[in-house]
Amino acid sequence: MIVLCLGMQGSASTFTFNVVRDLLAAGGGSVAGFEATGLAAVEAALRGCPDSVVVRAHTLSASLLALVAAAGGRFVVTTRDPRDCVASLRCRLGGDAACWAMDVARSLAAVGTVLQRPGIRPFAFEEGFAADPDIGPRLAAALGLSLDPQHARRVAAGWSPGKVGEVLAALARQRKPDGAGFRSDPATGFNEAHLGDGRVGKWAEVLPPAEAAAIDRCFGGLGPIRHGLRPGDTLRFGEALFSPAARHDDDADARPGPFGVPLLRLCYLAAGRWRLSLRGTVPAAPGPRWLSLFVGGERVLAHPVAAAAAAAPVEAGCVLDHRLHEDMIEVWLEDAAGRRPDPHRPAALELAAERL
């Protein structure tokens with residue numbers, strides 16, 4: 001059996017991965033468990049002929065998704081309000097909201113794609129599933145295992161916050177390798193900054209006001225993620241979070257791409273049909289330019305922008321039948337030279353994506 005434990009950041013996905021792995025081991029047979037996003041690690045594990053493979057991931061390649069589906073594997077999905085995901089990462093690992101918004105959007109794209117598959121019932125962080133005394137039997141049922149419920153409860157209890165705290169305390173006593181960020185345990189996937197406070201709705205309290213407003217603008221147009229992405233759900237990718245300047249990405253202009261100025265990069269959407277709308281302003285320029293939208297490196301929209309002595313308003317859009325959730329979406333101002341504009345300027349560019 002192949003089991004994909006796919007979870008948004010801060011959604012108790014590592015807890016779930018460890019419980020799933022131990023439940024499979026309790027049912028008999030050998031189990032290989034590890035973190036991966038693509039096929040290489042899975043292929044290497046399968047060469048060892050384990051009875052079960054458990055993959056932990058926040059995002060995944062289309063090829064890995066296809067493999068798990070074709071093999072009749074199981075999907076165990078954990079969700080959380082993406083605004084709280086960003087807040088959790090920022091509080092535990094540092095940085096600012098722009099450092100983490102892309103990672104959460106990319107994970108949401110994977111989760112939203114997988115939840116379109118029939119029969120998957122995600123475990124929502126907001127419902128406190130990790131503290132549910134019956135989470136062991138619930139996960140065993142999701143895996144199709146015939147385990148004694150009491151046994152399954154004992155397995156899950158082995159990963160209580162107190163037990164995880166012991167793992168983290170042992171990590172803290174280890175020597176930190178030179179250049180390493182956080183000590184981590186490759187067997188369990190936990191790192192020394194793993195445990196947060198678990199509060200629901202914390203983003204509005206712990207993020208600085210400007211970051212909270214930007215994160216709410218990006219993800220606040222979504223319904224509960226546990227229901228999947230539904231028609232009308234809207235993501236808004238603004239320059240304050242998704243421009244190379246906001247992400248302090250000094251190498252963005254050197255990467256392969258059109259000649260011009262990158263305004264939005266590293267935006268991700270779940271597979272499906274979306275209405276895309278670009279609104280805002282672009283910098284002044286003496287000559288005409290093109291505002292271009294790329295998906296997976298392919299131009300899907302080119303909107304002419306006239307020469308202007310001041311910031312020029314733009315409005316353009318299209319409908320996108322999005323096939324691959326890992327295809328990056330980006331917006332460039334083509335045939336334009338010069339420095340990237342201030343991502344926090346009034347009426348900065350925004351890409352709205354509405355689920356159809």
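The shape of the stretch 1-85 comes out oblate: with a ≥ b ≥ c from the C-alpha gyration tensor, a/c is at least 1.5 while a/b does not beat b/c. Over the residues of the chain, the helix contribution to mean residue ellipticity at 222 nm works out to -9000 deg cm²/dmol, using -39500 (n - 2.57) for each DSSP H run of at least 4. Net charge in the neighbourhood of ALA347 (other residues with Cβ under 14 Å of its Cβ; Lys, Arg +1, Asp, Glu -1) is 0.
Determine the shape class of the stretch 92-191: with a ≥ b ≥ c the square roots of the Cα gyration tensor eigenvalues, call it rounded for a/c under 1.5, and otherwise prolate if a/b is greater than b/c, oblate otherwise. Oblate.
Answer rounded, prolate or oblate for the stretch 85-129, using the Cα gyration tensor with square roots of eigenvalues a ≥ b ≥ c: rounded when a/c is under 1.5, else prolate when a/b is larger than b/c, else oblate.
On the way: a/c = 5.01, a/b = 1.71, b/c = 2.93.
Because a/c hits 1.5 or more and a/b fails to exceed b/c, the stretch 85-129 counts as oblate.
Could you list VAL200, VAL167 so that the one with the fewest beta carbons within 10 Å of its beta carbon is first and the one with the most is last? Please list the in-between numbers first.
Details: VAL200 12, VAL167 19.
Starting with the residue having the fewest Cβ neighbours, the order is VAL200, VAL167.
Scanning residues 5 or more positions from ASP233 or on other chains, those with amide H under 5 Å from its amide H are ARG355, with H placed 1.01 Å from N in the peptide plane. Note on the chain: antiparallel DSSP beta bridges, both residues inside, total approximately 70 percent of the bridges counted.
Based on the inverse mean of 1/r over its pairs of different Cα atoms, what is the Kirkwood hydrodynamic radius of the stretch 231-355, in Å? One decimal place: 14.5 Å for the Kirkwood radius.
Quick one: which of 85-96, 44-55 comes out on top by average Cβ neighbours within 10 Å, and what's the full order, highest first? Let's see the in-between values first.
Values: 85-96: 20.3, 44-55: 16.6.
Sorting 85-96, 44-55 by mean packing, highest first, produces 85-96, 44-55.
Would you work out which of PRO313, LEU24, GLY38 lies farthest towards the positive end of the dipole of the chain? Charges go on Cβ: Lys and Arg +1, Asp and Glu -1. About the Cα centre, the residue reaching furthest to the positive side is LEU24.
Of the peptides 138-149, 67-78, the order by per-residue mean of other Cβ atoms within 10 Å, starting with the highest, comes out as 67-78, 138-149. What is the set of long-range amide H partners of ALA308 at a cut-off below 5 Å, with H atoms built 1.01 Å from backbone N? Long-range HN contacts for ALA308: ALA285, GLY287. When the charge dipole of the chain is built from unit charges on Cβ atoms (+1 for Lys and Arg, -1 for Asp and Glu) and taken about the Cα centre, the candidate among PRO208, VAL55, SER243 whose Cα reaches farthest toward its positive end is VAL55.
Here the 3J(HN,Hα) profile of the stretch 207-219, calculated from phi with Karplus coefficients 6.51, -1.76 and 1.60 at θ = phi - 60°, is 7, x, x, 5, 5, 4, 5, 5, 5, 5, 4, 5, 10 Hz, Gly and Pro shown as x.
Bear in mind that the values in this text are calculations on the coordinates, not laboratory data. Just so it is clear, the structure is predicted and the values come from calculations on it, not from any experiment. Cβ: placed from backbone, ideal geometry, glycine included. Neighbour counts: every protein chain shown.
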